[in-house]
Amino acid sequence: AKRASLEKRFFGEGIAFYHNDENQPRIIQITWREQTGFIYDADTFEVVHEFEYDTSTSEGWGITYHPEWKEFVVSDGSSNLMFWDRDTLVEKRRVEVWLPFADEEGRVMTPPKKAKTVKHINELEWYKGDILANVWYNDVIIRIDPLTGSVRRVYDFKSLYTDRDGSEDCFNGISVSDVEGELFVTGKWWPS
């Protein structure tokens, strides 16, 4: 297995695989509080670019990539998703994640009418036109419309791992497989 090490001053967070404009395989990584990111050659794990960034909380939590839009989607622990241009790494827009609310007649209300924003958006994956995200310290994954920020579905994983003995941390990981419809989920310090 290949490995790339970060300097001790960095706390590595989200990573995403993508191809650049020359169709070269790359991995992008963001850091938690250092506002520094790295782009690696996916074949050699050599750093080919280091960059600075800012988010609404000045932190980096999760990142995923949309190949058709050529955009990265970034989370920072808030209710915001930031969309960065693949080539310039400049933020193009922000979308706030919110839970739809139905009125007395069952009509779904859109923000700002009583919609509840979803904070602590964490790990991200692009999946079938939507964004999957876990919510920090909740055993759920939410499916988010990338254009509106509306939560389309909540997947409950409370019964996935109930025998926790205290050495494990929160439900935290999502990975899309090459197998159609297959996803992997895990948590920090969970057994394999």
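The values are calculated or read from the model by the stated rules, or taken from the named source; none is laboratory data. Computed from a prediction, not measured in an experiment: that's the story for all the values here. We place every Cβ from the backbone using ideal geometry, glycine too, and count neighbours over all the protein chains shown. Surface areas here come from the heavy atoms of the whole protein model, side chains and all, with no ligands, DNA or RNA. Shrake-Rupley method; radii C 1.70, N 1.55, O 1.52, S 1.80 Å.
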- Say we look at the range 10-38 and pick out the residues that are within 18 Å of W61 (Cβ to Cβ) and not in a strand (DSSP E or B); which of these is least open to solvent (accessible area, probe 1.4 Å)? F10
- Message: Which numbered condition in (1) of a type in the set (S, T, N, Q); (2) open to solvent by 20 Å² or more (accessible area, probe 1.4 Å); (3) at pLDDT 95 or above is the only one that T64 fails?
- Response: (2)
- Message: Quick test of your reading of the structure: C170 fulfils all but one of (1) exposed (fewer than 15 other Cβ atoms within 10 Å of the Cβ); (2) in contact with a Phe, Trp or Tyr (Cβ under 7 Å, 6 or more places away or on another chain); (3) of a type outside the set (F, W, Y). Name the failing condition by number.
- Response: (1)
- How about the range 177-190: which of its residues are in contact (Cβ under 8 Å) with a residue 12 or more places away in the chain and more than 12 Å from N134 (Cβ to Cβ)? W189, W190
- Query: Restricting the search to the range 140-150, which residues are among the β-branched types (V, I, T) and either assigned to a loop (DSSP other than H, G, I, E, B) or open to solvent by less than 10 Å² (accessible area, probe 1.4 Å) (or both)?
  - Reply: I141, I142, I144, T148
- Can you tell me which residue in the range 127-139 is least open to solvent (accessible area, probe 1.4 Å), limited to those that are part of a loop (DSSP other than H, G, I, E, B) and closer than 24 Å to F17 by Cβ? G129
- Message: Kindly evaluate G181 against the criterion of being surrounded by fewer than 19 Cβ atoms within 10 Å (Cβ to Cβ) and among the small types (G, A, S).
- Response: yes
- What do you reckon, is V73 at negative phi, assigned to a strand (DSSP E or B) and open to solvent by 60 Å² or more (accessible area, probe 1.4 Å)? no
- Message: Criterion first (modelled with pLDDT of 95 or more, β-branched (V, I, T), on the phi < 0 side of the Ramachandran plot and more than 19 Å from the chain's Cα centre (by Cα)) does V95 satisfy it?
- Response: no
- Note on the structure: Taking the range 39-70 and keeping only residues that are among the hydroxyl-bearing types (S, T, Y), part of a strand (DSSP E or B) and within 21 Å of R93 (Cα to Cα), one is left with T64, Y65
- Item | Failed criterion for N20 (all others in (1) in contact with an Asp or Glu (Cβ under 7 Å, 6 or more places away or on another chain); (2) touching a residue at least 60 places away in the same chain (Cβ under 8 Å) hold) | (1)
